Amino acid sequence: MQRHHLDPAGWFPGITRLRRQERGSVRGDIVAGLVLSALLLPQGMAYAQLAGLPAITGLYTTAITLIAYALFGPSPTLVLGPDSSLAPMIFAAVVPLAGAQGDPDLAIAHASVLAVLMGVLCLVAGTTGLGALADLLSRPVRIGYLNGLALIILAGQLPRLFGFSTDASGFIEEVSAFARDVGSETNGPALAIGLGVLAMVLATRFLAPRLPGMLVAVLMAMAVVGWFGLDDDIAVVGELPSGFPAPSLPTVPVDDLPALVVSAFAISFVTLADTTALSRGMAGKQGDRVDPNHEIGALGAANIAAGLFQGFPVSASTSRTAVASSMGSTSQITGLAGAAVVVGVAAFSAGALADLPVAALAAIVIAASFSLFDLGTIFWLRKVHRGDFALAVAAMIGVPLLGVLPAIVLAIALSMADFVRRASRPYGAELGRIPGLKGYHDRARDPVADVIPGLLIYRFDAPLFFANAEPFRDRILELVDGSGRRVDWLILAAEPVTGIDSTAAEMLDDLIDELDERNVTLAIAELKGPARDRLRRMGLRARIGEDRLFPTLGTAIRTYLGETGTDWTDWTDQ
């Protein structure tokens, strides 16, 4: 079996791309990076606060992540950074460990350790090819999960948008507290500023997506606070520390590490799924191909770098990648230019952000939560597949009711349960021939399909394993006993049967005995080589008989016709 893993010689594709970059495209990529910074600055601070961390850490995380991915990332245009879907998970992981003590430095340390742990997990997944584990989160579950996250974000940010805060924790408590206090605690100026920022962000997103509406809205909000002297009347970010942190290995109490490791595993599932999906999508648009394991390794390197600079876990950003792409970005020079702006602000101009209203940051987060909502797809699932619809709704409800991190476990469990459910009841069909039409056809869909006297052909559309072994046996005996005609041979059209486990092998052994009692011969056609080898190792090839294992269905049918002397010329042309 071919193994796919990271090639150490190709760990720094960014340097190779920079060397090959054409001068004509460098200027355009720098301009794209400057435009991108209009999104990086406010979103970085907003998502840091959503994660329960000081706003300045969002700038540290943004800049270092962009630089690290420019060196390690295989995609020329993917943008990594703080993410609205990760921030609630980081909050759920960090606040219970550090929030109760009210120490922002301890919260930063826990978030940084979480980023390092997640980075290590991603590196392991990338180097060993285990990134495919992220596919355990099926699309309906991911959609439901993101909708649930959007509900949690809204519940947590609405009080801040209205200019007050609550001590409630948990979705239901936060909604109840907001409903109870909104009439008496609402701060009019803060709400007006927040709604103005929200309206401008949403309007420019839909009407003029190339304009830096978020940056303009933030600058106008700070201007309003300064002009009218509202800094004493509404909550503002306040003075931020200037400078940029030196790299250091974060430390936390040893007793907190097990909880952080569990959280890192949970967050990694969501991050890997989102990042690889976006990376593949961007590569497809550009006619390129990106190694998903290399992408996961680069994601790990970026998270480790963030953790070493007082940052927190990051993921690929759909909105920022879309902005960079729309501006004509062709390389990670765009990310480096954006990082330079962020570093400059964090190191030299952080004090200029002191008048930034908290309500404005809440508006930015709420606008981001709207992009997580995908109710249209959920309603579409209701029309096309009720099972997927139920999974999506269960995941969406599970996030606010159970909490963010437990909901990830629920999401994985739902995906696995759905897989087992589908695999345990796969489709199967009795086959027949339609005069004048080649091939063998499902008699349930084409009742006119004819059958040969004494012959029953059955196709099973899945591997045989413990979850579907008994349903397979029951269906075979049901067809043999309930067909209303004599059955001498049963031919299993086994091309879809890609595997047979020990439970299924035991079932086949018993089934042969039960068919023998009914004087029915079992034959298998088109079984793939690995499955045939498994039958041999389990001793079943001898029981079935080498002369009853056929390379094609047509060969099996001709053998039946020849051995039984049945005259059925319409079936001998294949």
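Quick notes
- Qualifying residue in region 319-328 (condition: at pLDDT 90 or above, buried (at least 24 other Cβ atoms within 10 Å of the Cβ) and not polar (S, T, N, Q)): no
- Members of region 202-225 that are over 15 Å from P357 (Cα atoms) and aliphatic (A, V, I, L, M): L202, A203, L207, A208, L211
Table: residues versus (1) outside the structural domain of L86 (by TED's automatic domain parsing); (2) of a type outside the set (V, I, T); (3) in a helix (DSSP H, G or I); (4) under 30 Å from G188 (Cβ atoms).
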position	(1), (2), (3), (4)
S331	no, yes, no, no
G335	no, yes, yes, no
G338	no, yes, yes, no
G344	no, yes, yes, no
A352	no, yes, yes, yes
V365	no, no, yes, yes
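- Qualifying residue in region 101-113 (condition: among the hydrophobic types (A, V, I, L, M, F, W, C) and either closer than 24 Å to G398 by Cα or not in a helix (DSSP H, G or I) (or both)): no
- Qualifying residue in region 308-318 (condition: assigned to a helix (DSSP H, G or I), farther than 18 Å from A46 by Cβ and polar (S, T, N, Q)): no
- Those residues of region 156-190 which are under 36 Å from the mean Cα position of the chain (by Cα) and of a type in the set (G, A, S), in sequence order: G156, G163, S165, A168, S169, G170, S176, A177, A179, A190
- Meets criteria (surrounded by fewer than 18 Cβ atoms within 10 Å (Cβ to Cβ) and either modelled with pLDDT of 85 or more or farther than 30 Å from R160 by Cα (or both)) for P426: yes
- Options A155, A179, A168; residue that is at pLDDT below 85 and assigned by TED's automatic domain parsing to the domain that holds G376: A168
- Condition check for I193: within 25 Å of the chain's Cα centre (by Cα) and either of a type in the set (S, T, N, Q) or buried (at least 18 other Cβ atoms within 10 Å of the Cβ) (or both): no
- A92 vs. criteria over 23 Å from A362 (Cα atoms) and either part of a helix (DSSP H, G or I) or small (G, A, S) (or both): no
- Region 463-518 - residue that is exposed (fewer than 13 other Cβ atoms within 10 Å of the Cβ) and polar (S, T, N, Q) and, of those, nearest to G432 (Cα to Cα): S483
- When we screen V218, V225, V201 for residues that are touching a residue at least 24 places away in the same chain (Cβ under 8 Å), in a helix (DSSP H, G or I) and over 29 Å from A92 (Cβ atoms), the only hit is V225.
- No other residue among V399, V393 is at pLDDT 90 or above, assigned to a helix (DSSP H, G or I) and surrounded by 15 or more Cβ atoms within 10 Å (Cβ to Cβ) apart from V393.
- Within the option set G81, G73, being under 16 Å from A305 (Cβ atoms), modelled with pLDDT under 90 and in contact with a strand residue (DSSP E or B) (Cβ under 9 Å, 6 or more places away or on another chain) holds for one residue only, G73.
- Filter pass, S315 being hydroxyl-bearing (S, T, Y) and surrounded by fewer than 20 Cβ atoms within 10 Å (Cβ to Cβ): no
The values are calculated or read from the model by the stated rules, or taken from the named source; none is laboratory data. Bear in mind the structure is a predicted one, so any value in this text is a computation, not a measurement. Glycine also receives a Cβ, built like all others from the backbone with ideal geometry; neighbour counts cover every protein chain displayed.
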